[in-house]
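To start, the structure under review is shown below, and the notes come after it.
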Amino acid sequence: FTDMIQACIGAALGLEIVFVFFLALFLLHRYGDFKKQHRLVIVGTLLAWYLCFLIVFILPLDVSTTIYNRCKHAAANSSPTESSNITGLILLPFMQSYARSGGFSITGKIKTALIENAIYYGTYLLIFGANQLQTIGIAAANTWGLFLLVLLLGYGLVEIPRSYWNGAKRGYLLMKTYFKAAKLMTEKADAEETLEDVMEEVRKVNESIKYNHPLRKCVDTILKKCPLEYQEKMGRNMDDYEDFDEKHNTYPSEKSLVKLHKQVIYSVQRHRRTQVQWQILLEQAFYLEDVAKNETSATCQFVHTFQSPEPENRFIQYFYNPTVEWYWECLLRPWFYRVLAVVLSIFSVIVVWSECTFFSTTPVLSLFAVFIQLAEKTYNYIYIEIACFLSIFFLSICVYSTVFRIRVFNYYYLASHHQTDAYSLLFSGMLFCRLTPPLCLNFLGLTHMDSSISHQNTQPTAYTSIMGSMKVLSFIADGFYIYYPMLVVILCIATYFSLGTRCLNLLGFQQFMGDNDMTSDLVDEGKELIRREKRKRQRQEEGENRRREWKERYGHSREDSTRNRNVHIDPKESNFSDISTNRSASKYTRANNRTERDRIELLQDAEPLDFNAETFTDDPLESESGRSFLYPPFRYQPGGRYLSMSRSRIFDDV
C-alpha cells in the first residue's frame, strides 16, 4: 500500500510539473512576443512564472504527503523554492534594467544594468549590513511580500465574484466596452502624436549624421526600430553623397542618441499596442452588440453582423453552430455567471473569516484548518489534497489575476495578444517571485500546518523546512504577521464600495462608474465611435461585394466574347496582330498598369460623406434616397468603362 501511495505521488508530481510548464508557456505566449522580444527576456520570465506556479501547485501535494508520511517529500520541493528566490531577487532585476536600457551594444546595456542594480542593492547593504543581515533580509522580504499580498488579495476577493455577477447583467459589458473605447481612442491619439514627435527627432538626426560619421551605426540601429513607412520616408530623403563637417556643424552626442533610442522603442511599442487593442475592442463591441440584438430573436439562431476574418475550425462549426451559440450567449451564460459568482463569493467569505481567525488554536476557528483536521482524522488523504488544491488555487487566482489587471500608467501594463513590453514581463516575474513565498506561508498558516501558528511540536512541511516559517523576528512574527492580514476585511469593504475607483475619478483619472456624469459622457462618446467604425466596415464590405458581383457578371462575358472573336480571326490577321501587339506592348503596359492601379486605389479609398447619427440609419440599404445619392446610376465595367443603368443613351443630345 505504501509503494502504491508513493507511485501515485510520483505520477501526480510528474503531471503537475508538465502541466505547469505548458500553463506558463501558454500565458507567456499570450502576453509576450516570442519573435520580437529578446530570448533572455522570454527565458527569464518563463522561468519566474514556471517556478512560482510550480510551487503553488506542489504545495497541496506537500501538505497531504506531510500528513501521511512526515517530510518524505521534502527533497522534491527544494529546487523550485530556492530557484524562485534567486530568480526574483537577482536575475530578473538585472534583466529588467538590461531590457529597458537604450544602449547600442551588449556591453553598454550590461554596464547600465550593473550600475542600476548596484545602487539598488547597495542601499540594502548599507541599511541592513550592520547586524543579522540574513535574518533581517528574510524578514524584510516576507514583510514586503505579505504587505503586497494582502492588498492584492483584498481587491481580488471582491472584484472577481463581482465581475462575473456584472457580466450576467444585460448591457453592462456593452456599456463598459463603450467606455473603454472612448478612453482607448484618447490614448491611441496620444500614442500617434508621441510617435510623430519622436520620428521627427529621428528624421533630424538622420539628416544631420551622414554615412561616414562615426555615429552613423547608432543612427542605423535606431532606424531599424522605426516603423516601415517612416524608414521608407527617411531613406528617400537621404543625401549620402554629402560628407559631414566637424568644424561647421553640431552633431548629437552618443548619450543623446541612447536617449533617443530608448524613446523610439517605447513610442513604437505603445503605438503598436494601442492599434492592436483598438481592433480587438472593436471586435468585442461588435460581438456584444450582436448579442444584444439576438436576445430578442424568435428564430433561436445567432446572427453575426460581420463574419470572422479567420476561418473557423470545422469541428467547432459543427458543435458550436448558430443554434448552440444563441442558447449559450442569450440564455445559459448569464445564469452560469450568476452561479459562479455565488460560489466564488462563498469562497471569499471563507477566506476573509479564516484570515481573521487563523491565529486561534483553541478552539480552531479557521475553516481551512477545520476541514484539514477533519480529513486527517478519517485518513482521507485524497480529500486533503483536493481541499488544499482548491484553496490555494483560489487564493492564487485572486492574487495573480490582480497582477495581470493592474496598470501603473505606462510604466507597468500586461497587455494580451503579444503586446506586453519586456520591462512589464520581467516586472511581473519579479512580483510573482516576491508574492509566492508569503502566499504559501499564509496558506500554511490558514491550515495550521505552520508550527509557529499551531504551536505544536510536529515535523514541518517540506516548504517550511526550506523557506522557514513566519517566526523570524519575534516582534514582527508576534505582531505584524498575526494582525496585519485582518486588514483584508477593510480592503474588501473599500473594494465593494469602489472607494479606490472614486478617489481616482476625483483625481482626474476617468474610471467606469455607473452613477457618474463623466462616465455617461464617455459611454456616449464610445458608442458614437463604435457606430462610426461599424458604418465604415459595412461600407467596405459592400464595396467588396459590389466589386465581386461586377467581376462575376461582366468578367466572364468579356472573356467569352474575346474568346469567340479570336476563334474567327484569319491566320494572317492573327500573325499581324501578334506582331503589332508585341510592338505596342512595351509602350502601353506601364501606362495601363499605372492607370489600373490608380483606379483601384480610388475605389478602395473612396469614402462617402459621413451623415449625422440622428438621420442616418444603421442599415444603409433601407433608404432609397441615400442609395440613389451614394451610388450613381452607372455600372462599372472592367477596363475603365462605365455603363449606364438606364436604357437611353445619355450622350445622344451631345
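The values are calculated or read from the model by the stated rules, or taken from the named source; none is laboratory data. None of the values given here were measured: they were computed from a predicted structure. Cβ placement follows ideal geometry from the backbone for every residue including glycine, while neighbour counts extend to all protein chains displayed. Remember, those area values only see protein heavy atoms, side chains included, never the ligands or the DNA or RNA. Shrake-Rupley method; radii C 1.70, N 1.55, O 1.52, S 1.80 Å.
One chain, two ends: residue 538 and residue 417. Fully extended at 0.36 nm per residue, the span grows by 41.0 nm beyond their Cα-Cα distance. Taking a ≥ b ≥ c as the square roots of the eigenvalues of the Cα gyration tensor, segment 273-335 is oblate, since a/c reaches 1.5 or more and a/b is not larger than b/c.
Legend: calculated FRET efficiency, residue 360 to residue 229, from the Cβ-Cβ distance at R0 = 60 Å, rounded to 0.05, equals 0.35. Counting only heavy atoms of the protein chains and using a 1.4 Å probe, residue 33 has close to 30 Å² of accessible surface.
What translational diffusion coefficient, to the nearest whole µm²/s, does segment 373-417 have by Stokes-Einstein, given a Kirkwood radius computed over alpha-carbon pairs, a temperature of 25 °C and 0.890 mPa s viscosity? Write out the running numbers ahead of the final one.
On the way: Rh = 13.0 Å.
This corresponds to a translational diffusion coefficient of 188 µm²/s.
Across the cross-link table entries 204/255; 180/534; 176/262; 35/183; 262/534, which are compared at the Cα atoms, the separations over 26 Å belong to 176/262; 35/183; 262/534. Counting only Cα atoms, segment 344-468 measures 51, 33, 27 Å along its principal axes, largest extent leading. Each of 350, 460, 364 was placed along the dipole of segment 324-460 (beta-carbon charges, centred on the mean Cα), and the one lying farthest toward the positive end is 350.
In segment 504-551, what percent of the accessible surface is made up of carbon and sulfur (1.4 Å probe, ligands and nucleic acids excluded)?
Working: 1470 of 3160 Å².
On segment 504-551, the fraction of accessible area on carbon and sulfur atoms equals 47 percent.
Just the accessible area per residue of segment 319-365, please: how many Å² with a 1.4 Å probe?
On the way: 2670 Å² over 47 residues.
I get 57 Å² per residue for this part.
FRET efficiency for the residue 378 to residue 342 pair, using the beta carbon distance and R₀ = 25 Å, is estimated at 0.30.
Label positions at residue 549 and residue 501, each projected 7 Å from the Cα along the C-beta direction, are separated by 4.6 nm. These residues, 328, 335, go from largest to smallest accessible area, 1.4 Å probe, as 335, 328.
Heavy atoms of the protein chains alone define the surface here; on that basis segment 272-315 has 63 Å² accessible area per residue at 1.4 Å probe size.
Between residue 390 and residue 36, what is 0.36 nm times their sequence separation minus the Cα-Cα distance? Round to one decimal in nm.
On the way: separation 354, 0.36 × 354 = 127.44 nm, distance 3.69 nm.
Stretched fully, the residue 390-residue 36 segment lengthens by 123.8 nm.
Ligands, DNA and RNA left out, the 1.4 Å accessible surface of segment 243-386 is 64% carbon and sulfur atoms. Here the Kirkwood formula, the inverse mean of 1/r across different C-alpha pairs, assigns segment 14-55 a hydrodynamic radius of 10.4 Å. Our compactness index for segment 338-394, the C-alpha radius of gyration over the empirical 2.2 N^0.38 Å, is 1.20.
Label-to-label distance for residue 213 and residue 295 is 6.0 nm, based on points extended 7 Å past Cα in the beta-carbon direction. With a Förster radius of 41 Å applied to the C-beta separation of residue 332 and residue 482, the computed FRET efficiency comes to 0.35.
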